[in-house]
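Asks: Pasting a structure here, questions to come.
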Amino acid sequence: MKRFVPVFRNKPWESGVSVLHLYVVPDPAVDKALFALIAACRTVLQDYPVWCLPDDRIHITVEMDAAAPSEQITQAQRAQLISELEARLAGIDPFTVLCGSPIANRSGALLDTYPDHQLTALQNLARAALWEVHDAPAISHDGGRGHMSLGYAFDEADSDPLQSALRRITPSHAPLTVSRLHLLDVRWTAHPRPDGGVRWEMTWELLAAIPLGKP
């Protein structure tokens, strides 16, 4: 496990800068089994140098608005993005994905997600909306497979015993109902540590929650 450093436009993030993101955010009132699985994972992760996301920061990243930092995205562009998303997301019905098993990766821990096709369809619609709003390149990476982030490493550690401990969690899967897409202003901040390193932590401001499907 290596120290996590967030990236924006293929470069290390500047601490304190915020960027618009499109996330799937689970609902504790609906996705109770999922939050029980997350709590079990958090118990394991507390023995490792990992900043665990609190319940209100758990998410699946659908896309990042890489056109510019959020302070450079105008109110007109934000309003247009919300309008474009509303129009496109009306054509995709709410769906369910299975989250798990928990995985220790190179920079923390996550829950795998399955199946891929509906999250991929949602990502394609989000990207189409971003491309419609921005002249500058709005997508700076391929995104990889869908996953739910659980925590980010702030120091190096052997991830093999962590993976073994995560594998002992049962049940290792839980459903997630995807019924809306959240537009968020996400800020990463580097907090100094006594050993001279930093612990990156995220906060966000909700800008819009756009429902899937027609009203």
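The values are calculated or read from the model by the stated rules, or taken from the named source; none is laboratory data. Note that this is a predicted model, so its numbers are computed, not measured. A quick note on method: Cβ atoms are made from the backbone with ideal geometry, for glycine too, and the neighbour counts reach across all protein chains shown.
Asks: So which of THR96, THR170 ends up being among the polar types (S, T, N, Q) and assigned to a loop (DSSP other than H, G, I, E, B)? Walk me through how you get there before you give the answer.
Replies: On the way: THR96 fails: assigned to a loop (DSSP other than H, G, I, E, B).
Residue meeting the stated conditions: THR170.
Asks: For residues that are in contact (Cβ under 8 Å) with a residue 24 or more places away in the chain and either of a type in the set (A, V, I, L, M, F, W, C) or surrounded by fewer than 16 Cβ atoms within 10 Å (Cβ to Cβ) (or both), scanning just the range 191-202, find the one that is farthest from PHE4 (Cα to Cα).
Replies: By that ranking, first place goes to ASP195.
Asks: Something else now. Cβ-Cβ below 7 Å, separation at least six or inter-chain, first residue in the range 167-183 and free of Cβ contacts under 8 Å to residues at least 60 places away in the same chain, second surrounded by 17 or more Cβ atoms within 10 Å (Cβ to Cβ) and not hydrophobic (A, V, I, L, M, F, W, C): which pairs?
Replies: Pairs found: none.
Asks: What residue, among those in the range 128-147 that are under 16 Å from HIS117 (Cα atoms) and assigned to a loop (DSSP other than H, G, I, E, B), is modelled with the lowest pLDDT?
Replies: Checked the range 128-147; the qualifying residue modelled with the lowest pLDDT is GLY143.
Asks: Can you list residue pairs whose Cβ atoms sit under 7 Å apart, with the first residue in the range 135-160 being without any contact (Cβ under 8 Å) to a residue 40 or more places away in the chain and more than 21 Å from ALA40 (Cβ to Cβ) and the second being acidic (Asp, Glu) and assigned to a loop (DSSP other than H, G, I, E, B)? Count only pairs 6 or more apart in sequence or on different chains.
Replies: Within 7 Å, the pairs are ARG145/ASP116.
Asks: Now, a different point. Can you pull out the residues in the range 18-45 that are outside any helix (DSSP H, G or I), crowded, with 17+ Cβ neighbours inside 10 Å and of a type outside the set (A, V, I, L, M)?
Replies: Within the range 18-45, SER18, HIS21, TYR23, PRO26, ASP31 qualify.
Asks: Can you tell me which residues in the range 131-179 are under 17 Å from ILE92 (Cβ atoms) and under 17 Å from the mean Cα position of the chain (by Cα)?
Replies: Hits for the range 131-179 are GLY146, LEU176, THR177, VAL178, SER179.
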